[in-house]
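In what follows, a single structure is set out as structure tokens and then discussed.
The values are calculated or read from the model by the stated rules, or taken from the named source; none is laboratory data. What you see is a predicted model; the values in this text were computed from it and never measured. The accessibility values were calculated without ligands, DNA or RNA, using every heavy atom of the protein model including side chains. Shrake-Rupley method; radii C 1.70, N 1.55, O 1.52, S 1.80 Å.
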Amino acid sequence: VIATFGLRFVLYSFVWNPWMFLPIEVLQGLTFGLFYTTMASYASVVARPGTEATMQAMVGAAFEGVGIAIGGSMGGAIFFQYGGQTLFLVLGIFNLIFSVVFAATNWGINKCQPDTAAYHTHYPVLSAEPITSELSSSDAAPVLMRSRVQQPRPAIITTSLNLSITIN
């Protein structure tokens, strides 16, 4: 997703005709759709059980509130100081470099973690444990099944800053 943002910003920097923005905007649907769903699902994964909705709200507020506020003010200042072409080229290159660093970091972390098959054997994502009724100790006592969900914690947490610029 970050690489697609970078590609889109680099393409914006080379636009000389306003009609050229239309084909590039097709990537907006891809980037925003993937980013927002990834953001919400990642917030749910890193949250402690029972706090998923709160974590999603906090991440959404950081993106929609803080990210857009800082991005709009910083992006606007850079836009008026250096121009739109320079702004989008620098942001695009930054996002492309960051996506490579992010991918390399995730690859390194995953390489250092134990084998996923062995990991899930010891730490099951979903397991069913039998619970015997305490009312009767006979073998004919009903056996109830209780599901327990354990979510493995990701090794790193990333934050993305969305830069939005409004030009009047």
Rounded to a whole number, what is D in µm²/s for the range 37-91 from Stokes-Einstein with the Kirkwood radius over alpha-carbon pairs (4 °C, 1.567 mPa s)? 101
Of the accessible area of the range 1-113, computed with a 1.4 Å probe and all protein chains kept, carbon and sulfur make up a percent value of 75
With an 8 Å Cα cut-off and a minimum separation of 6 or more residues, compute the relative contact order for the range 1-113 in percent. 46
Whole-Hz Karplus couplings 3J(HN,Hα) for the range 89-104, θ = phi - 60° and coefficients 6.51, -1.76, 1.60, Gly and Pro as x, run 5, 5, 5, x, 5, 4, 5, 5, 5, 5, 5, 5, 4, 4, 5, 5
